[in-house]
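Worksheet for the structure shown next.
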Amino acid sequence: MLGISVDSVPCLQAWAESLDGIHFPLLSDFWPHGAVSETYGVMRGEGYSDRALFLVDRQGITRYIDIHDIEDQPDNAVILEEIRKMDPEAAEQVAAQPEQEQELPAGGVTLYCTRWCPGCRLARRWLEQRGIEFTEVDVNARPEAAERVRGWANGKLLTPTYDIHGTIVVNNQWDRLSELLES
């Protein structure tokens, strides 16, 4: 996996640090500005690229392309399925492992999030600093959790999403969260 951005190297370093590090390399497509993005047809005239995913197999053949507006998030379940198609042997190994079904939490404070989302990292720290006990559910690892969040957020997979004793709060609405957690 390789991440490419039209941002400069210092900007990419700051972004990766804000996520407490990432597990894949980043390439700066800053100079000549957007040359790689232009080659793949995703550079916009405004000077930034669309959010684009190109899955290239080990033989260098592009197997999947997914292009979104920069504000839209790709559907991780679809991308993971496409990656599985590219490496069926790995998919068979995963399929051979028994799945552990668990109920989604009910009651209390639940944070629906992802490991990589900067807003989710803020949410975790915010809750921890206030000594609030919460259950964390990774929507990338739990398809049923992703569907639940989509149901609450008009079909979008928005994180962080909070379930506070049955009241849903999408995104970090600090005043609303404080109000609900103080009652």
Pairs returned, first residue in the range 153-174 that is at negative phi, second residue that is outside any strand (DSSP E or B) and among the polar types (S, T, N, Q), beta-carbon separation under 8 angstrom, 6 or more apart or interchain, are Lys156/Gln73; Leu157/Gln73; Leu157/Asn76; Leu158/Asn171; Thr159/Thr114; Pro160/Asn171; Pro160/Asn172; Thr161/Asn171
Selected residue [more than 12 Å from the chain's Cα centre (by Cα) and at pLDDT 90 or above] from Arg124, Arg142:
Arg124
Looking only at the range 90-117, filter to residues that are outside the structural domain of Arg142 (by TED's automatic domain parsing) and charged (D, E, K, R); which one of those is modelled with the lowest pLDDT?
Glu99
Can you tell me which residues in the range 108-162 are of a type in the set (Asp, Glu) and assigned to a strand (DSSP E or B)?
Glu136, Asp138
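The values are calculated or read from the model by the stated rules, or taken from the named source; none is laboratory data. For clarity, every value in this text was computed on a predicted model and none was experimentally measured. For neighbour counting, all protein chains shown are included, and Cβ atoms are generated from backbone atoms with ideal geometry for every residue, glycine included.
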